[in-house]
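I have placed the structure first, in the form of structure tokens, so that the comments after it can refer back to it.
The values are calculated or read from the model by the stated rules, or taken from the named source; none is laboratory data. No experiment lies behind these values; they were computed from the predicted model shown. Because the Cβ atoms are built from the backbone with ideal geometry, glycine has one as well, and the counts that use them run over all protein chains shown. Keep in mind that these areas ignore ligands, DNA and RNA; they rest on the heavy atoms of the full protein, side chains included. Shrake-Rupley method; radii C 1.70, N 1.55, O 1.52, S 1.80 Å.
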Amino acid sequence: MSEPITSGLIATLERERKRRAGLVLALALAALAGLALASVLRGAIAVPPGEALDVLLRAFRGAGSDGRHDLVILNIRLPRMLLAMMVGAGLALSGAIMQGLFRNPLADPGLVGVLAGAALAAGATIVLGDALLAPALGKLPFAVLPAGAFLGGLASTLLLYAIATRQGRTSIATMLLAGIALGALAGALSGFLAFLSDDRQLRDLAFWSLGSLGGASWTKVVAVAPILLPLMLAAPFLARGLNALALGEAEAFHLGLKVQRIKAMAILLVALAVGASVAVAGMIGFVGIVVPHLVRLVLGPDHRLLLPASALGGAILVLAADLLARTLASPAELPIGIITAAIGAPFFLWLLLRRDSGIGP
Amino acid sequence: MSAILEAGEVTFRIGGKILVEAASLALQPGRITILVGPNGAGKSTLLRLMSGELVPGSGQVTSLGRPLPDIPVWQLACRRAVMAQAARLNFPFAVHEVVRLGIEGLGPARSGGERSRLVETALAQADMLGHAARDYQTLSGGEQQRVQFARVLCQLMAGRHVEPQQALLLDEPIASLDLCHQLGLMDAAQNLARDQGVAVLAVLHDLNLAARYADDLVAMQNGRIVARGTPDAVFDDRLLSEVFGIENRCDDQLRARFGPFVLPQFCTIAGRGQGAGRAA
């Protein structure tokens, strides 16, 4: 079989796809930059744009602070903006990875109970940590909460995978149903924790269950960045594996990929991203399902593009949602989970309605 | 010389049920081996054992003398490609992206231009180049099968530089194809065997096509290999009625002109609509 001279049709198709991707990513980056600027400028306390920029520039040059708005800009809005971008990117990325792992566009850490599991673990550390850990450790170290949320996310992902997988095949219907059951169980246990807790703990729990970036601080940014940033760097190495997994686990093995290692890495990354996000921002739902789906509509399902584009899209969505949460009812603040759910739930229904026989469980 | 893929006395059971029992099969370069047998005979399981996807409970599968578990998966992927039964996708991959997956797992990287040429050549050989930009999910079952065939062709072409001795495993590759493309796919497999020395193993239900393309015909029943040899030797009325439970006629006049030819008359297994085929 001689390899005939080709017309370059495929090369052309791929070039066009790359050009389109470059354009979309450039637009998304511009949107992200615009939103980032807006989120520093807008808020409950009016800061004239010129002055805000001045504060930023001075801080950037390392000059001393003397402006009245330094605290607002540098210690509240700037960390909050960074946290929103990281949390959004982490949630959207974990959604995209989970959908690739389960080979289903409906899989999402929020829908299948992973988020709830992480929130339950975080809640348990808040309520039970005071009673059980504090006497031993003195004041609870900050790392306990993210660690708890991470372990909760990891445990629920593993449990879900174990329940839904029989003889190497993952049943999507079982996964969605088991996810609902796990989510409900985690919700009930969280409710029980609320029943046990005192007033201060109750406020903390409410914060977790609806999600908020209100507590953003440089401490949180510094705590989460070492988890979320390496994650973004690690994700591209999963892309080839997730592409092959789309054909099925056996097929991915036939294609020469180490399937078990890819699966283990994907589960670990999802648990890390979800755990870290829940630890600093509580439960922010629907980001993981809305963003990857939109990216697939625009750029196609190739994970080499999907993963970075989803991270970017997630950052945009959460940053925008947080901006709305801060400004819609200003000076009061809406929980960001309400905004993402208000966008995400109708979107999810629309997804179900337009779904043809080719997609889905 | 050791075979490209060889199963030695492999047995596979699941939940106490034996799916393949003490089966031995060697795939030699340039030869087409075709597995036939009724549903549940263990054909697909034997194929999956030989691909390395399943690990036998006893016995072992070797490739060029080495046990499969000792060979790195990427190297194995350069050496053998597998086309499983109907593969569905839940994401809207374009046809050319699905074919490109054939190269994803192979070790040594290739330039983007070379990859594109391999994808295009494979698509052309499977007669799917005209659909290269289509969404795989919107194709018919037969078209999807041709894309999957293009994918395994692509994998073999890409792996050839690393592993010159290759095997192609096809599990009911023509189940959804029209007659023209059935012949087209089997011809392509035959060309791979003749020109490139690829060892081909295919599971087929169409006995006449099996007879036409097989160098070695292997019949399975209840997890065991019950007959093997040239199509002429394997297909006789007794074996067919025993293995498949059909009353049939291997037409002698046709056999003289075209080789073995099977025209099923009616099913002899109780409760399976006996006589329903008599009118034919």
*Considering only the range B:183-232, how many residues are basic (K, R) and touching a Phe, Trp or Tyr at 6+ places or on another chain (Cβ under 9 Å)?*
1
*Which of the residues that make up the range B:186-198 are out of contact with any Gly (no Cβ under 7 Å at 6 or more places or on another chain) and open to solvent by less than 10 Å² (accessible area, probe 1.4 Å)?*
B:M186, B:A189, B:L192, B:V198
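Please work out if B:V20 is touching a helix residue (DSSP H, G or I) at 6+ places or on another chain (Cβ under 8 Å), within 14 Å of chain A (Cβ to nearest Cβ) and either crowded, with 21+ Cβ neighbours inside 10 Å or within 28 Å of A:A244 (Cα to Cα) (or both).
Against the criterion (touching a helix residue (DSSP H, G or I) at 6+ places or on another chain (Cβ under 8 Å), within 14 Å of chain A (Cβ to nearest Cβ) and either crowded, with 21+ Cβ neighbours inside 10 Å or within 28 Å of A:A244 (Cα to Cα) (or both)), B:V20 does not qualify.
Say we look at the range A:213-237 and pick out the residues that are outside any helix (DSSP H, G or I) and surrounded by fewer than 22 Cβ atoms within 10 Å (Cβ to Cβ); which of these is farthest from the other protein chains (Cβ to nearest Cβ)? Write out each step before concluding.
First pass over the range A:213-237, keeping only residues outside any helix (DSSP H, G or I): A:213-217, A:235.
Filter again for surrounded by fewer than 22 Cβ atoms within 10 Å (Cβ to Cβ), leaving A:214-215, A:217.
Numbers: A:G214: 36, A:G215: 37, A:S217: 39 Å.
Result: A:S217.
Let's see how each residue does on (1) surrounded by 14 or more Cβ atoms within 10 Å (Cβ to Cβ); (2) at pLDDT 70 or above; (3) touching a helix residue (DSSP H, G or I) at 6+ places or on another chain (Cβ under 8 Å); (4) assigned to a loop (DSSP other than H, G, I, E, B):
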{"residue": "B:M220", "(1), (2), (3), (4)": "yes, yes, yes, no"}
{"residue": "B:A233", "(1), (2), (3), (4)": "no, yes, no, no"}
{"residue": "B:L239", "(1), (2), (3), (4)": "yes, yes, no, no"}
{"residue": "B:V243", "(1), (2), (3), (4)": "yes, yes, no, no"}
{"residue": "B:N248", "(1), (2), (3), (4)": "yes, no, yes, no"}
{"residue": "B:Q253", "(1), (2), (3), (4)": "no, no, no, no"}
{"residue": "B:Q265", "(1), (2), (3), (4)": "yes, yes, no, no"}
{"residue": "B:R272", "(1), (2), (3), (4)": "no, no, no, yes"}
{"residue": "B:A280", "(1), (2), (3), (4)": "no, no, no, yes"}
*Look at A:D108 and say whether it is over 19 Å from A:A341 (Cα atoms), of a type in the set (D, E) and in contact (Cβ under 8 Å) with a residue 60 or more places away in the chain.*
no
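Being in contact with a strand residue (DSSP E or B) (Cβ under 6 Å, 6 or more places away or on another chain) and open to solvent by 10 Å² or more (accessible area, probe 1.4 Å) is the filter here, so list the residues in the range B:81-132 that pass it. Don't jump to the end; show me each part of the working.
Within the range B:81-132, the first condition is being in contact with a strand residue (DSSP E or B) (Cβ under 6 Å, 6 or more places away or on another chain), and the residues that meet it are B:81-85, B:92.
Within the range B:81-132, B:A84, B:Q85, B:P92 meet the criteria.
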*asked:* Yes or no: the range B:82-105 includes at least one residue that is at the interface with chain A (Cβ under 10 Å from one of its Cβ atoms), touching an Asp or Glu at 6+ places or on another chain (Cβ under 7 Å) and within 23 Å of B:Q28 (Cα to Cα).
replied: yes
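Scan the helices (runs of 4 or more DSSP H) fully inside the range B:68-161 and keep the ones with 1 or more residues being at pLDDT below 90, in contact with a helix residue (DSSP H, G or I) (Cβ under 8 Å, 6 or more places away or on another chain) and closer than 25 Å to A:L306 by Cα. I'd like the intermediate steps shown before the answer.
Numbers: elements: B:73-79, B:95-104, B:112-125, B:141-159.
Output list reads B:95-104, B:112-125.
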*Lone unmet requirement of (1) more than 24 Å from B:E163 (Cβ to Cβ); (2) assigned to a helix (DSSP H, G or I); (3) charged (D, E, K, R) for B:R194*: (1)
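Residue by residue, here is whether (1) β-branched (V, I, T); (2) in contact (Cβ under 8 Å) with a residue 40 or more places away in the chain; (3) outside any loop (DSSP other than H, G, I, E, B) holds:
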{"position": "A:T174", "(1), (2), (3)": "yes, no, yes"}
{"position": "A:A178", "(1), (2), (3)": "no, yes, yes"}
{"position": "A:A186", "(1), (2), (3)": "no, yes, yes"}
{"position": "A:A206", "(1), (2), (3)": "no, no, yes"}
